[in-house]
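Novice: What follows is a single structure, and I will ask about it in a moment.
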Amino acid sequence: MNWTGRRLPRTEDPALLRGEGAFTADLAAGARAVRFLRSPYAAGRILSISAPDLPHGALLVTGADLEGVGPIRPELFRFNYRAISQPVLPRERVHFVGQPMAAVVAATPEEAEDIAEAVLLEIEPEDPVVTIDDALRPGALTLHPEAPGNLVVDGVIRHPGCEAAFARADCIVELTLRSGRQNATPMEARAGLAAYDRATGRIRLTASCQMPHMLRTGIATLLGMAEADLQVVAPDVGGGFGQKMALFPEYPLLVWLARRHRGSFCWVEDRNENLIASAHSREQRHHLRAAFAADGTLLGLEADILANTGAFSCYPTTCGVEPLMALAEYPGPYRLPTYAARARALATNTCPAAPYRGVSRPVVTFGLERLMDRAAAALGMDPVALRRRNLVTDFPHVTPTGLTLDQASYVEALDRAVAAADLPAFRARQEAARREGRYLGLGLAVFNERTGYGTPAFAARGMGIVPGYEVVDIAMTPAGEVEVRIGASPHGQGLRTTLAQLAADRLGLEPSQIRVIHGDTDRTPYGWGSFASRGAVIAGGATQLAADKLAARLRRAAARLLQAEPEAIALRDGAAWAGEASIPLTEVARRVHQRSEQLSDLDGFNLAETAQYDPGGTFSNACHIAEVEVDAETGHVRVHRFLVVEDAGRLLNPLIADGQVHGGVAQGIANALLEEVLYAADGNPLTGSLADYLPPSAAEIPPIEIIHLETESPETLTGAKGLGEGGAIGAPAAIANAISDALSPFGVDIAELPATPARIRALIRNAR
Amino acid sequence: MKCPPFDYHAPRSQAEALALLARHGEEGKILAGGQSLVPTMAFRLARPASLIDINRIAELDTCRAEANRLRIGALARHARFERPVVPGPTGALLARAAEHIAHAPIRTRGTFCGSLAHADPASEWCCIALALGAEMRVLREGGERLVPAADWFQAVFTTALGPDELLAEASLPILGPDWRCGFAEFNRRAGDFALAMAVTALRLDVAGHVAEARIALGGVAGTPVLAREAAASLLGAPPTPDRLRAAAALAAEGFEPTEDAQVPADYRRDLVRAMTRRALEGSLAA
Ligand SMILES: Cc1cc2nc3c(=O)[nH]c(=O)nc-3n(C[C@H](O)[C@H](O)[C@H](O)COP(=O)(O)OP(=O)(O)OC[C@H]3O[C@@H](n4cnc5c(N)ncnc54)[C@H](O)[C@@H]3O)c2cc1C
């Protein structure tokens, strides 16, 4: 008993560490290579696409070949969403640099690239819309006739009391902040391999994706094919972070090729394609106003949220995902009496936006936590005390946007973090350093993270496709091992390990006796995937339910065999026990399957069960503290210390939880300091290689200290809350606050991320 | 990101390599460590028809002190310099800079001479070559010439090297104990090309006055540049902190910076000021 909660090493790791993982590109032997020709223009009319003489066996596919293939057109039925269409390959116009315009097929990737270079694209360029300001400018190019003014989403929430709150405020803090555009940069870029099976006429698409079942539905719909004739497999997937959730045009095209040409076709994305043409995120501008009473009580908040969501709307979440998450979750962990906000998604001639670890919450937390520090300064209050005054302490708490915050530890997490950071000692070090012309700073970020939410939360967004539940099929083999088939599709989260721990405890087995099967639409029940910090909560809850049902069957069978009552049977150490008497579960399994004449009147001929779970959601919470040193001459920021107090409820596997926090914090630090997708005014990407787009190396990431609190959630079956995104959510705000603290002698205030050295220098120079 | 087609030659001797160069001219390219050439080909920014791989030519794999100069053959890899290859300031300076070149795996392949031939504006070796006055020994079928560093760097990625020529060796002066060498560079991530770097070399006379001074800047213009005025301002007096600071300020104003979306010109000048001062101070602190 009690495998759950142990720091069990991941069963996934040995193969990966030995280089024996199987990623999509590893499986491509024998397939023909596909190269996409991508638009060199941000906006323009396609006049012609023509190939010189193609070598024997090579193919060129353009939009004109795709008669009858539908566009990608996700729906949202709220917030003034305008459904816009993304063609698999365009026939008339191109909408961003990197948009696939045609596909070349050849024997090898090298040859395909040679041929692609020789294809002639005739495009009449148009003046593109690149920035938020471009999109808002009257008379700007309209990307989609369905979305006049390039406005794709326009959500508004306005509480009647908001104006009054501002009228009676003692202090109003105002802030405009900017979040740069990012690319999730998974270590493995996208890849797909579509193979035609001559015997059955079915297609198997192996793809580096996060949501295989959704991909299957989406592709079958676009191509008008039977969903049953398509199998989607997610093999080992080298990271996703949200970027691999979406239905991209490249995948339906591969399936189309496999069907049309009855063969195998593989596309392995290169880094340049991934950086310019996969999915971007987080390019947002927020204007915030907050009203405070003299004692620091937050009275009201106004937010104007603008998101540059690129040329198209990602399927299935739609481009509403960023602005609408900001709209709904701006109040964060604070008591907020009144709230007024507007959130807009603007279409531009840039790579489409999709969710990325944390989605809008890194930006929201940056906004809210800068506001708190600014308000503390304006009111002459201690920033910790100001936060403590406003954090929610009574649960459940309903936010002004109607979200219910379940039991959490907002104040405790803050207090633990502040104690661990030893603020007085830090202030002394800071003083001493300043006398030597060195600038140390400490910043904190308190936040909550909405996790593990099922269909109700997605339905409330008005999504045309409502994800959320998970289904788990469980079965014991005649030899006594257990197979757990999950609709979710982990790709680095370690679910094979944690779900085995959960099931092992319910069944009295060891995790090594449990096989978790995932990432294959032929072998798993319909489900959604791994995203939105949901795996442990939802797939975990469904696994627990399924395991309980299986355990009940085992108890009934064992009771018959031990001549006891089912209620008296305990499962432990691989056996069923009735007092001192026991029978190995392997024996129970064998009897159920092979001596069914003794037992089948109880539950039939097998040990198979299924369970579904669709929770309403739960909020984990955390406090991050960053200690930085800013080199005032170069603007360089070094993170000396990073402390996380994380409360994700009951920890199923603390080792994996720590890993999730580490990875998230590293991405958050990169968000704060390094990574930014840049475009020239003509819509050409300037960050097309990892020499220009800068993910962190180990040298830029400090050791990360983690303290876990465990406020178990009554809202989830396992007691666990999600934590996959938290690291990325809090770190940018903590770093921005730390830099602002370090540079307070200059009056520098960080309102734009990433805080690059050049920007920091410009702030210092202008402050002087 | 796959290379375009090319022919591949692997000569066993210098003479064979020179013959191949003569035959292929503009169409041929030397492949040394491949750490710049291969990525450039993968991006299809370079598309040589023929590669002449010099890695099997044992006579090029040298690095030795001779007549007060350090002679660095075409196959001496970056990693070789991580520990001083000669005693004194020259070896120490090379070791100081080596750790800033890319990452360990790249340093085991990339070559000193390859960096000089490639002439990336932010190459540490190029900046040092200019600061210390390197001399390049260039061979071509039936000919040989020596090119001083001052004439070597012509523009971004452009040197005095002809299409049929091999950079067989570069040499650096082995400086005596009266020299103080400094190095400082700024980059956003460990191992990245620098946004600015300074290499400084001061010779102090017995009175502790600066008798000779050389300051080179890298990563800030199309080629490494000498900060002559800044260097001259230090001559004939002790290198006091104020004088170092003033020299750094002169260095920051004395060049035409390259600009891009991430690095505006005034920021580049800020960095040069900081790096020059730090290099100078560091060289005297030891
Ligand atoms: C990720 C990354 C980071 C890097 N960071 C840095 C850095 O911080 N600082 C830095 O200085 N460099 C950096 N580099 C470049 C690296 O140092 C290269 O090794 C170096 O620039 C070229 O040396 P090479 O031997 O690899 O030359 P190659 O790549 O083989 O050749 C480069 C060019 O020089 C020519 N060439 C090479 N040798 C000769 C010769 N003997 N005679 C004539 N022509 C020749 C080739 O024909 C080619 O045109 C980095 C590279 C990478 C991939």
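Only the coordinates and a few stated rules stand behind these numbers; no lab work does. Quantities reported herein were computed from a predicted structural model and do not represent experimental measurements. Using ideal geometry, Cβ is built from the backbone for each residue, glycine included, and neighbour counts are taken over all protein chains shown.
Novice: Volume per residue, Å³, of the convex hull around the alpha-carbon atoms of segment B:45-134?
Specialist: 114
Novice: Which of the lysines could a cross-linker span from residue B:2 if the Cα-Cα distance has to be under 18 Å and same-chain partners fewer than 8 positions apart are dropped?
Specialist: Candidates past the 8-residue exclusion: B:29.
Novice: Can you work out the PRE-style zone for residue B:189? Point 7 Å along Cα to Cβ, and I want the residues of segment A:270-291 with backbone N under 20 Å.
Specialist: Answer for this model: A:270-283.
Novice: Where Lys and Arg each count +1 and Asp and Glu each count -1, what net charge lies around residue A:510 among other residues with Cβ under 13 Å from its Cβ?
Specialist: Neighbour charge sum, excluding residue A:510 itself: +1.
Novice: I've got another one for you. On a full-extension model of 0.36 nm per residue, what is the gain between residue A:552 and residue A:199, subtracting their alpha-carbon distance, rounded to one decimal in nm?
Specialist: Separation in residues times 0.36 nm, less the Cα-Cα distance, equals 122.9 nm.
Novice: Using alpha carbons only, how many angstrom separate the centre of segment B:24-54 from the centre of segment A:508-531?
Specialist: 48
Novice: With only alpha-carbon atoms counted, please give the Rg and Dmax of chain B, in Å.
Specialist: So, for chain B, Rg and Dmax equal 19.0, 62 Å respectively.
Novice: Further, regarding this structure: Once you place label points 7 Å from the Cα toward the Cβ at residue A:164 and residue B:178, how far apart are they in nm?
Specialist: If labels sit at residue A:164 and residue B:178, their model points lie 8.7 nm apart.
Novice: Given contacts defined as C-alpha pairs under 8 Å and at least six residues apart, what's the relative contact order of chain A, whole-number percent?
Specialist: Result for chain A is 16 percent.
Novice: Measuring from centroid to centroid over Cα atoms, what is the spacing of segment A:125-201 and segment B:181-203 in Å?
Specialist: Distance between centres, Cα-based: 40 Å.
Novice: Something else now. If r is the Cβ-Cβ distance from residue B:151 to residue A:438 and R0 is 60 Å, what FRET efficiency results, to the nearest 0.05?
Specialist: Step by step, r from the Cβ atoms, then E = 0.90.
Novice: If I take R0 = 45 Å and measure r between the Cβ atoms of residue B:240 and residue A:133 in this structure, what FRET efficiency does the formula 1/(1 + (r/R0)^6) give, to the nearest 0.05?
Specialist: 0.35
Novice: Moving on. On average, how many beta carbons from a partner chain sit within 10 Å of the beta carbon of a residue in B:255-262?
Specialist: Per residue, the number of nearby Cβ atoms from other chains is 3 on average.
Novice: Moving on to the next point. For segment A:159-240, what is the convex hull volume of the alpha-carbon atoms per residue, in Å³?
Specialist: Expressed per residue, the convex hull around the Cα atoms of segment A:159-240 is 185 Å³.
Novice: Taking the convex hull of the Cα atoms, report for segment A:469-613 its projected area averaged over all directions, in nm².
Specialist: Here the figure is 8.1 nm², rounded to one decimal.
Novice: Then there's this: Can you tell me, using C-alpha contacts under 8 Å and at least 6 residues apart, the relative contact order of chain B as a whole percent?
Specialist: Across chain B, relative contact order equals 16 percent.
Novice: Below 14 angstrom from the Cβ of residue A:742, what's the summed charge of the other residues (Lys, Arg +1; Asp, Glu -1)?
Specialist: -2
Novice: Expressed as cubic angstrom per residue, what is the convex hull volume of the alpha carbon set of the protein assembly as shown?
Specialist: 196
Novice: If you average the C-alpha positions of segment A:402-418 and of segment A:294-312 separately, how far apart do those two centres end up, in angstrom?
Specialist: Their Cα centres are 21 Å away from one another.
Novice: Could you derive backbone 3J(HN,Hα) for segment B:155-162 from the dihedral phi with the Karplus parameters 6.51, -1.76 and 1.60 (θ = phi - 60°), listing whole Hz in sequence and x where the residue is Gly or Pro?
Specialist: 6, 4, 6, 10, 10, 6, 5, x
Novice: Counting DSSP beta bridges in chain A, what percent are antiparallel, to the nearest 5?
Specialist: Counting only bridges with both partners in chain A, antiparallel ones make up about 80 percent.
Novice: Still on this structure, I have one more. Distance in nm between label sites at residue A:108 and residue B:8, each 7 Å beyond Cα in the beta-carbon direction?
Specialist: So the two model labels end up 0.9 nm from each other.
Novice: Fewest Cβ neighbours within 10 Å first, please rank A:693, A:679 accordingly.
Specialist: Listing A:693, A:679 from fewest to most nearby Cβ atoms yields A:693, A:679.
Novice: Then there is this: Between residue A:287 and residue A:120, what is the label-point separation in nm under the 7 Å Cα-to-beta-carbon projection?
Specialist: The answer from the label model is 5.0 nm.
Novice: Name the long-range amide H neighbours of residue A:359: under 5 Å, sequence gap of 5 or more, or other chain; modelled H, no Pro or chain starts.
Specialist: Under 5 Å from the amide H of residue A:359 lies no amide H from a residue far enough along the sequence or on another chain.
Novice: Could you grab the relative contact order for segment A:82-172? Cα pairs under 8 Å, six or more apart, rounded to a whole percent.
Specialist: Relative contact order of segment A:82-172: 28 percent.
Novice: Taking Rh as the Kirkwood radius, which is the inverse of the mean 1/r over Cα pairs, what is the Rg/Rh value for segment A:91-239?
Specialist: Dividing the radius of gyration by the Kirkwood radius yields 1.10.
Novice: Can you give the FRET efficiency for residue A:477 and residue A:415, using 1/(1 + (r/R0)^6), R0 = 45 Å, r = Cβ-Cβ distance, to the nearest 0.05?
Specialist: Efficiency, rounded to the nearest 0.05: 0.35.
Novice: How about residue A:721: which aspartates and glutamates have a C-alpha closer than 12 Å to its C-alpha, ignoring those fewer than 8 places off in the same chain?
Specialist: Once the sequence-local aspartates and glutamates are set aside, what remains near residue A:721 is A:406, A:449, A:646, A:647, A:710, A:712.
Novice: Kindly provide log₁₀ I(q)/I(0) values, in the same order as q = 0.15, 0.23, 0.24 Å⁻¹, from the Debye equation applied to equal alpha-carbon scatterers of segment B:179-285.
Specialist: For the requested q values the scattering log ratios are -0.55, -1.16, -1.25.
Novice: Then there's this: Got a sec? Which residues in segment A:100-114 would a label at residue A:53 touch, if it sits 7 Å along Cα→Cβ and we count backbone N under 17 Å?
Specialist: Zone members listed by number: none at all.
Novice: Roughly speaking, what is the stretch gain from residue A:16 to residue A:2, that is 0.36 nm per residue apart minus the C-alpha to C-alpha distance, in nm to one decimal?
Specialist: Between residue A:16 and residue A:2, full extension yields 2.3 nm more.
Novice: If packing is taken as the average number of other Cβ atoms within 10 Å across a peptide's residues, how do A:353-362, A:335-344, A:251-260, A:61-70 rank, most packed first?
Specialist: Taking the mean over residues of other Cβ atoms within 10 Å, the ranking is A:353-362, A:251-260, A:335-344, A:61-70.
Novice: How large is the helix-only mean residue ellipticity at 222 nm for chain A, computed as the sum of -39500 (n - 2.57) over DSSP H runs with n ≥ 4, divided by its residue count, in deg cm²/dmol to the nearest 500?
Specialist: -9000 deg cm²/dmol
Novice: Under the rule of at least 5 residues apart or a separate chain, name every residue whose amide H is placed under 5 Å from the amide H of residue B:74.
Specialist: It is B:62, by chain and number.
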